[in-house]
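Enquirer: Pasting a structure below so you can have a look.
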């Protein structure tokens, strides 16, 4: 018989395994989809859609991902993404997802594109070899509308860049082509100064370690 005090720990261990598996599927799905979008491009993701139009970016991704529902910017909340969710510090996320284009994938995952999209892919959030190359943030809930809806558990950020898409958190490391990657938000699970983003940048750590050691 399992002692009562060990049951919550056992449940959390099982849940973590499911979240890790879901994150790996999300990572593979986004990488393959992004590669498909870049096949006919001479400059990676630069100007993949024109004029910083993030709604068009969502539509473009839905040509290579299996989107069963799409929600442009300012669509009613709770349809293609959660209305509310938490960080690892148990505070509400700072992002209002009703302002972002979102979609539901056929595998149940939820995806959202941050509205600071730059079609020139020169945002300051992400550097490769010292050059700013981020297009925008991409957020994924790896188990859809199931809980717990927490950054660093089932909700993670990815960096969409000129060269492809990367799980966030690979600060001061090298990508598979030997490029030095630097980002503004490394993985941290207890941000005192900015508690509303705790856990959001832990995708790289979780995938690299094949564990959720926090």
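Enquirer: Within segment 17-27, is there a residue that is closer than 22 Å to residue 132 by Cβ, in contact with a strand residue (DSSP E or B) (Cβ under 9 Å, 6 or more places away or on another chain), touching a residue at least 40 places away in the same chain (Cβ under 8 Å) and surrounded by 18 or more Cβ atoms within 10 Å (Cβ to Cβ)? So that I can check it myself, show each step before the final result.
Expert: Narrowing segment 17-27 to residues closer than 22 Å to residue 132 by Cβ: none.
No; the residues of segment 17-27 include none that is closer than 22 Å to residue 132 by Cβ, in contact with a strand residue (DSSP E or B) (Cβ under 9 Å, 6 or more places away or on another chain), touching a residue at least 40 places away in the same chain (Cβ under 8 Å) and surrounded by 18 or more Cβ atoms within 10 Å (Cβ to Cβ).
Enquirer: Follow-up. Can you tell me which condition residue 75 does not meet? The list is (1) over 23 Å from residue 164 (Cα atoms); (2) without any contact (Cβ under 8 Å) to a residue 12 or more places away in the chain, and all the others hold.
Expert: (2)
Enquirer: Any chance segment 58-79 includes a residue that's at pLDDT below 85, over 17 Å from the mean Cα position of the chain (by Cα) and within 15 Å of residue 139 (Cβ to Cβ)?
Expert: Scanning segment 58-79, I find at least one residue that is at pLDDT below 85, over 17 Å from the mean Cα position of the chain (by Cα) and within 15 Å of residue 139 (Cβ to Cβ), so the answer is yes.
Enquirer: Within segment 1-39, track down each residue that is modelled with pLDDT of 90 or more and not in a helix (DSSP H, G or I). Spell out the reasoning first.
Expert: Filtering segment 1-39 for residues modelled with pLDDT of 90 or more gives 13-39.
Listed by number, the list holds a single entry, 39.
Enquirer: Is it true that residue 135 is buried (at least 22 other Cβ atoms within 10 Å of the Cβ), farther than 24 Å from residue 81 by Cα and at pLDDT 90 or above? It would help to see each step written out before you state the result.
Expert: Values: buried (at least 22 other Cβ atoms within 10 Å of the Cβ): yes; farther than 24 Å from residue 81 by Cα: no; at pLDDT 90 or above: yes.
Taking the combined requirement at face value, the residue does not satisfy it.
Enquirer: I'm told residue 120 meets every condition in (1) modelled with pLDDT of 90 or more; (2) buried (at least 22 other Cβ atoms within 10 Å of the Cβ); (3) out of contact with any strand residue (DSSP E or B) (no Cβ under 7 Å at 6 or more places or on another chain) except one. Can you identify the failing condition by its number?
Expert: Failed condition: (2).
Enquirer: Here is a follow-up. Every residue in segment 103-112 that is closer than 14 Å to residue 30 by Cβ, free of Cβ contacts under 8 Å to residues at least 40 places away in the same chain and out of contact with any helix residue (DSSP H, G or I) (no Cβ under 6 Å at 6 or more places or on another chain), please.
Expert: From segment 103-112, those closer than 14 Å to residue 30 by Cβ are 103, 105, 107, 109-112; that's our starting set.
This time we only want the ones that are free of Cβ contacts under 8 Å to residues at least 40 places away in the same chain, so: 110, 112.
110, the sole residue that qualifies.
Enquirer: Among the residues that make up segment 199-209, is at least one of them outside any loop (DSSP other than H, G, I, E, B), at pLDDT 70 or above and more than 16 Å from the chain's Cα centre (by Cα)? So that I can check it myself, show each step before the final result.
Expert: Narrowing segment 199-209 to residues outside any loop (DSSP other than H, G, I, E, B): 203-209.
If we keep only those that are at pLDDT 70 or above as well, we get 203-209.
Within this subset, residues satisfying the condition of being more than 16 Å from the chain's Cα centre (by Cα) are 209.
Taking every residue of segment 199-209 in turn, at least one turns out to be outside any loop (DSSP other than H, G, I, E, B), at pLDDT 70 or above and more than 16 Å from the chain's Cα centre (by Cα).
Enquirer: Criterion first (modelled with pLDDT of 95 or more, within 23 Å of residue 32 (Cα to Cα) and in contact with a helix residue (DSSP H, G or I) (Cβ under 7 Å, 6 or more places away or on another chain)) does residue 115 satisfy it? Before the answer, list the steps.
Expert: Details: modelled with pLDDT of 95 or more: no; within 23 Å of residue 32 (Cα to Cα): yes; in contact with a helix residue (DSSP H, G or I) (Cβ under 7 Å, 6 or more places away or on another chain): yes.
No.
Enquirer: Could you check how many residues of segment 44-67 are surrounded by fewer than 12 Cβ atoms within 10 Å (Cβ to Cβ) and either farther than 19 Å from residue 29 by Cα or in contact with a strand residue (DSSP E or B) (Cβ under 7 Å, 6 or more places away or on another chain) (or both)? Walk me through it before giving the result.
Expert: Step one: of segment 44-67, the residues surrounded by fewer than 12 Cβ atoms within 10 Å (Cβ to Cβ) are 50-51, 63.
Now narrow it down to the ones that are either farther than 19 Å from residue 29 by Cα or in contact with a strand residue (DSSP E or B) (Cβ under 7 Å, 6 or more places away or on another chain) (or both): 50-51.
Residues flagged as surrounded by fewer than 12 Cβ atoms within 10 Å (Cβ to Cβ) and either farther than 19 Å from residue 29 by Cα or in contact with a strand residue (DSSP E or B) (Cβ under 7 Å, 6 or more places away or on another chain) (or both) within segment 44-67 amount to 2.
Enquirer: Now, a different point. Can you give me the number of residues within segment 98-117 that are crowded, with 24+ Cβ neighbours inside 10 Å and more than 21 Å from residue 47 (Cα to Cα)?
Expert: Within segment 98-117, residues that are crowded, with 24+ Cβ neighbours inside 10 Å and more than 21 Å from residue 47 (Cα to Cα) number 1.
The values are calculated or read from the model by the stated rules, or taken from the named source; none is laboratory data. Keep in mind the model is a prediction, meaning the values are calculated, not measured. So basically every Cβ, Gly included, is an ideal-geometry build from the backbone, and we count neighbours across all protein chains shown.
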